[in-house]
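Here's the structure we're looking at; comments come further down.
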């Protein structure tokens, strides 16, 4: 696992254009435990992440949060496991308070994050991954396996 700080100042990271990066072991992330498959293939449960300080198109302080990896899920149609490739990039505008967040949210198409305290990078990555994962994960139509080895029909 790459070195990362326990917490960081999001506004400072944005101002300095800093970068934090690491690898999340999805199997060890307790907040993801009820969303991911417990039958994980060796090495198939990691997500590389990057948090980059930036400014949005209006020049406001922001973070560019990137995820890339494989998340093992259970298909809700056939109950077999499959690996979901994840490649996500989100621009998140920083707010200093909830009131500031409400104003920014009305003025921006980007996500808004209240960064009024030191932030945990792994917590931010887990949040982003939770928002990225499908609520009811399923194979592509026709890829599900049913008893007898045939794919399901839609």
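The values are calculated or read from the model by the stated rules, or taken from the named source; none is laboratory data. This is a predicted model, so every value here is computed, not measured. Every residue, glycine as well, gets a Cβ built from its backbone with ideal geometry; the counts of neighbours run over all protein chains shown.
Taking the criterion of being surrounded by fewer than 18 Cβ atoms within 10 Å (Cβ to Cβ) and either touching a helix residue (DSSP H, G or I) at 6+ places or on another chain (Cβ under 6 Å) or without any contact (Cβ under 8 Å) to a residue 12 or more places away in the chain (or both), the residues of the stretch 55-85 that qualify are 57, 59, 79. Against the criterion of being touching a residue at least 24 places away in the same chain (Cβ under 8 Å), under 20 Å from the mean Cα position of the chain (by Cα) and more than 19 Å from residue 65 (Cβ to Cβ), residue 115 does not qualify. A Cβ distance below 9 Å, combined with a sequence gap of six or more or placement on separate chains, defines the contacts here; from the stretch 15-26, residues that are farther than 14 Å from residue 66 by Cβ reach residues that are surrounded by fewer than 14 Cβ atoms within 10 Å (Cβ to Cβ) and at pLDDT below 95 in the pairs 25/1.
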